[in-house]
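A short write-up of the structure that comes next.
The values are calculated or read from the model by the stated rules, or taken from the named source; none is laboratory data. Nothing here was measured: the structure is a model prediction, and the numbers come from that model. Cβ placement follows ideal geometry from the backbone for every residue including glycine, while neighbour counts extend to all protein chains displayed.
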């Protein structure tokens, strides 16, 4: 039996350039601002940072976040914040900021030795 | 601190499996390597939508059409996660898109092959996504934090891509003789390009050594390729099809499959821009970008108008 398979050679994208495209100078085009996205995965939990995206305004940022970050029921609520408004600590200060906590083990309940007889503590 | 000390501290962090975050100090070459790899990866997701988008309107059933649309939408999402990760290294989205459109930036060569029949949708899911997943699972543990986090998200979504592909071929492999032939034909055409996805042999790969030392990559091209061959050589038995390689056989001593030599001339030709669809893909991307320019400008103008109105009301 002779089986013929029909192949769509180069049929992917129309060859002809339809539509009135005008060449633009991309590098001067003003881009949309960057937004940070926070998602609450279910009622009762904190919003958590999940990533970022570009959008013209807050409403579009929320719409885009819904499409990009919640396609599989990952969330029930979305926050967006324009990235330029996020202030962060300097990684170079990490030592002075966070290391002092390392030697204060008395701040943890496990520091205290209690007899086994003590219940409910 | 001297540069030498910074580099030493950086490497110590890598050895201790501490992730590198955007504002941490990093060697320029580390930044550049990550930027190149992440942006190429993002471009691949975006261009990867084209060969599959080709079949959305011709899917054989509503079920298959819905699956294909979901898969293509995932790929757009994966592109966006990755562009965001790349932006944390200090480049702009516009710059990356420009580099893709001008042909300066590369994307995975696999997408320069045409999707000729419906069976190609199955073969692309099973083989191409299957190969991509091996690479991506490894990258979930890459040393640059934003890249690793993007990959975790992507891997969660990607496994459906491979499974739907195999299932689609499985249905075809149990169909009519013509369907079986179409299935085998698609496998024949996609097998070798899929093996090429892992890149040049370790002995010839220029980027591998340093990337391993910085734990950007954790397995070599050849290791991943062998893992892929071992996996597919077993799975194909369930389809009752064959892989187009007369040298493919189990090696009891190595406990791996041996396989034939890849056509490296073809590989380099496609990388250099002479594959069957390189030109078309770039044209399609450029066309979409140019035709969307007014939409992007209008959205910005609208946002600005709303901002001015709100400010006026407050005042």
Tell me, yes or no, whether the stretch B:48-68 has at least one residue that is within 25 Å of residue B:216 (Cα to Cα) and at pLDDT 95 or above. yes
Can you name every residue in the stretch B:246-280 that is crowded, with 19+ Cβ neighbours inside 10 Å and modelled with pLDDT of 95 or more? B:257, B:259
Restricting attention to the stretch B:126-161, the residues that are farther than 18 Å from residue B:37 by Cα, in contact with a helix residue (DSSP H, G or I) (Cβ under 9 Å, 6 or more places away or on another chain) and within 14 Å of chain A (Cβ to nearest Cβ) number exactly 5
Of the residues that sit in the stretch A:43-72 and are in a loop (DSSP other than H, G, I, E, B) and facing chain B (nearest Cβ under 9 Å), which one is nearest to residue B:72 (Cα to Cα)? A:71
One residue is enough: does the stretch B:153-161 have a residue meeting the conditions part of a loop (DSSP other than H, G, I, E, B), surrounded by fewer than 17 Cβ atoms within 10 Å (Cβ to Cβ) and out of contact with any strand residue (DSSP E or B) (no Cβ under 9 Å at 6 or more places or on another chain)? no
Any hit, the stretch B:162-176, residues being in a helix (DSSP H, G or I), surrounded by fewer than 16 Cβ atoms within 10 Å (Cβ to Cβ) and within 14 Å of chain A (Cβ to nearest Cβ): no
The stretch B:282-295: number of residues that are facing chain A (nearest Cβ under 9 Å) and crowded, with 16+ Cβ neighbours inside 10 Å: 6
Any residue that is out of contact with any helix residue (DSSP H, G or I) (no Cβ under 9 Å at 6 or more places or on another chain), surrounded by 10 or more Cβ atoms within 10 Å (Cβ to Cβ) and free of Cβ contacts under 8 Å to residues at least 24 places away in the same chain - is there at least one of those in the stretch A:98-108? yes
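Could you tell me which of the residues B:279, B:272, B:287 is within 20 Å of the chain's Cα centre (by Cα), assigned to a helix (DSSP H, G or I) and closer than 21 Å to residue B:53 by Cα? So that I can check it myself, show each step before the final result.
Working: B:272 fails: closer than 21 Å to residue B:53 by Cα; B:287 fails: within 20 Å of the chain's Cα centre (by Cα).
From the options B:279, B:272, B:287, the qualifying one is B:279.
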Kindly indicate whether any position in the stretch A:73-91 is modelled with pLDDT under 85 and within 7 Å of chain B (Cβ to nearest Cβ). no
